[in-house]
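The values are calculated or read from the model by the stated rules, or taken from the named source; none is laboratory data. As the structure is a prediction and not an experimental result, all values here were calculated from the model. So basically every Cβ, Gly included, is an ideal-geometry build from the backbone, and we count neighbours across all protein chains shown. Accessible surface areas use protein heavy atoms only, side chains included; no ligands, DNA or RNA. Shrake-Rupley method; radii C 1.70, N 1.55, O 1.52, S 1.80 Å.
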Amino acid sequence: MNSFLLITNSEILIVDRNFTILKQKNLNHELSIIASINIEGNQLLLTEKNNLLILNLLTFEVKTMKFVKNITAAIYVGTDIVVGDAAGKLHFIYPISGYITSTKHWHSHRVTCLETDKSGDTLYSAGDEGVIVSWNLRNEKKSYLPRLQPIDSMSVSNDSQIISVSSSDNSIKFINLFNNSVLSQVFGLNAKT
């Protein structure tokens, strides 16, 4: 049977194709909907200010982890979780124990988004300073793609060769990840008042 996951600002619902509610959970939190589902499809990350909520989609149990700064990005990387915060730090978490295994700090402003390549070997972080940091998770090396506009979101292609970047200047750039060249750039429509 097909079912759909719906997220409101404080509730999670699973509904069927007729929109009959199959499961419902009020999280008693004002959610900032930063969502990532783990590779098995049974856990969902949500945030509320400086709280990370790990929702088990089978049991609807919620595990909460509190951080010092507000969470601005979160993603599953394999079985681990990476959280970006308002201070520009990345926190790597082993979710079974709930322990932060390491913290890395590069961004001078808040981390706005996180993405991985399809192998899970490379993590991309971006922030308000307009730089994408490529973190090689196998050898801990970093590389940088500087001089972009503040970045709102990004997505890596299925073949891990291109990253699309949505920026605060209402543009989308398509960037070759091997030589960091901009392949194409699209500017959005400006609203007239």
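Taking only Cα atoms and a 10 Å spring cutoff, compute GNM fluctuations for the chain and point out the largest among T112, T79, T59. Fluctuation is largest for T59. Net charge within 12 Å of C113 by Cβ-Cβ distance, Lys/Arg positive one each and Asp/Glu negative one each, not counting C113 itself? Once all neighbours under 12 Å are counted, the net charge is -2. When P(r) over Cα pairs in 10 Å bins from 0, in percent is calculated for this entry, the matching label among (i) 9, 33, 33, 21, 5, 0; (ii) 7, 21, 22, 19, 13, 9, 5, 2, 1, 0; (iii) 11, 40, 36, 12, 1 is (i).
For a label point 7 angstrom out from the Cα of S155 toward its Cβ, which stretches of the range 31-56 have the backbone nitrogen within less than 13 Å? Under cut-off, by backbone N: nothing. Projecting label points 7 angstrom from Cα along Cα→Cβ for K66 and K25 puts them 2.0 nm apart. The calculated FRET efficiency for T8 paired with R138, based on their beta-carbon distance and R0 = 41 Å, is about 0.60. Listed cross-link partners K23/K63; K49/K118; K66/K89; K66/K141; K49/K69 are compared with a 20 Å cut-off, the Cα-Cα value being larger for K49/K118; K66/K141.
Springs between Cα atoms under 10 Å define the GNM used for the chain, and in it the highest mean-square fluctuation of V156, V111, V15 occurs at V15.
In what order, largest first, do E11, E48 sit by accessible area if the probe radius is 1.4 Å? Each step should come with its number before you reach the end.
Values: E11 45, E48 25 Å².
In descending accessible area the options line up as E11, E48.
Restricting the GluC sites (Glu not before Pro) of the range 105-183 to loop positions (DSSP other than H, G, I, E, B) with no more than 11 neighbouring Cβ atoms within 10 Å leaves E140.
Note on the chain: with neighbouring protein chains present and a 1.4 Å probe, carbon and sulfur make up 49 percent of its accessible heavy-atom surface.
Reported to the nearest whole Å, the Cα centre-to-centre distance from the range 1-35 to the range 104-168 is 29. Highest mobility in the GNM of the chain, judged by mean-square fluctuation with C-alpha springs under 10 Å and restricted to A126, A73, A86, is found for A86. Taking all protein chains as they are arranged and a probe of 1.4 Å, the heavy atoms of L58 leave approximately 120 Å² accessible to solvent. Between N42 and Q185, full extension at 0.36 nm per residue minus the direct alpha carbon distance yields a gain of 47.8 nm. Taking all protein chains together and a 1.4 Å probe, the residues K23, K49 rank K49, K23 from largest to smallest accessible area. Among the trypsin sites (Lys or Arg not before Pro) found in the range 125-174, those both in a DSSP coil and sparsely packed, with 12 or fewer other Cβ atoms within 10 Å of their Cβ, are R138, K141, R147.
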